[in-house]
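First the structure, in the form of structure tokens, and then the observations on it.
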Amino acid sequence: MWACGGAGSDRLPILGQREAITKTVDGKQVTDSVYQTIPDFAFVSQYGDTVTAKTLDNKIYVADFFFTSCPTICPKMKVQLKRVYEKFKGNPDVMLLSHTIDPAHDSVSVLKEFAQNLGVTGRQWLFVTGDRDKIYDLGQKSYMVTAQADSTAPGGVIHSGAFILVDKDKHIRGIYDGTTEEGVDKLMTDMDRLLAEQAAPKS
């Protein structure tokens, strides 16, 4: 069973849906928890190539949802996520994945310029675009955050200001307020904990 904190454990919890699966091991009935995972996807990065779940294999990563013309929380979020990028820059076990929720405007070239203006180089922080409904669906059903069109919202889209921490098994291990320094400090601390946990041999 999963140890969620408590004595002798410094592991982060696994968030999301889980179901009990019963199987037979060595002639005995064993019930195990199967946790929600991020399903496969296919989007296009600021470099024009396809990014799938496989791109993130054996990495921990932080996901978020934004759009480049967002007039409200996105600028704060990107300042905060840049802090994460700077702290973990060059770490081969860490990636950042920002999904646009306005793909009609945020083309590959727009995302590339946006990344360059932020001072982002290389492939550690990818900005992805793709089918709008698939992005919304992934956000709400898999990452457990809001992402949808809303004509009454500034910029015409409503979305969460959350950063989602995902482990190497594609499980969500934390959701943080990406608009505040405190929320992102906690995220970076938890990223260090997760890296240590995932580097340790499994018992």
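Once phi is turned into ³J(HN,Hα) by the Karplus curve 6.51 cos²θ - 1.76 cosθ + 1.60 with θ = phi - 60°, what whole-Hz value does each residue of the stretch 107-122 show in order, with x for glycine and proline?
6, 4, 5, 5, 5, 5, 5, 4, 5, 4, 5, 7, x, 8, 10, x
What is the gain in length, in nm to one decimal, between residue 86 and residue 196 on full extension, counting 0.36 nm per residue of separation less the C-alpha to C-alpha distance?
Stretched fully, the residue 86-residue 196 segment lengthens by 37.7 nm.
Collect residues whose amide H, placed 1.01 Å from N in the peptide plane, falls under 5 Å from the amide H of residue 51; neighbours closer than 5 in sequence don't count.
It is 43, 44, 45, by chain and number.
How large is the charge dipole for the stretch 47-149, taken about the Cα centre, if only the Cβ atoms of Lys, Arg (+1) and Asp, Glu (-1) carry charge, to the nearest 20 debye?
On the way: 13 positive and 11 negative charges, 73 e Å.
For this selection, approximately 360 debye.
Across the Cα atoms of the stretch 62-126, what radius of gyration and what greatest pairwise Cα-Cα distance (Dmax) are found, in Å?
Rg and Dmax of the stretch 62-126, Cα atoms, are 11.4, 33 Å.
Give 78/112; 141/186; 89/141; 82/170 a once-over and call out the pairs whose C-alpha atoms are over 26 Å from each other.
Table pairs above 26 Å Cα-Cα are 89/141.
To the nearest Å, what is the center-to-center distance of the stretch 89-128 and the stretch 172-203, using C-alpha atoms only?
Between the Cα centres of the stretch 89-128 and the stretch 172-203 lies a distance of 21 Å.
May I ask for the net charge around residue 162, where only other residues with Cβ less than 9 Å from the Cβ of residue 162 are counted and Lys, Arg are +1 while Asp, Glu are -1?
On the way: positive: none; negative: 64, 177.
Every neighbour counted, the sum reads -2.
In nm, what is the difference between 0.36 nm times the number of residues separating residue 133 and residue 53 and their Cα-Cα distance?
My answer for the length gained is 27.0 nm.
Residue 180 to residue 25: extension gain in nm, 0.36 nm per residue of separation minus the Cα-Cα distance?
The residue 180-residue 25 span can extend by a further 51.1 nm.
Rule-based calculations on the coordinates, nothing more; no lab input. The structure presented is a predicted model; accordingly, all values stated were derived computationally and were not measured. Don't worry about glycine lacking a Cβ; one is built from the backbone with ideal geometry, like all the others, and counts go over all protein chains shown.
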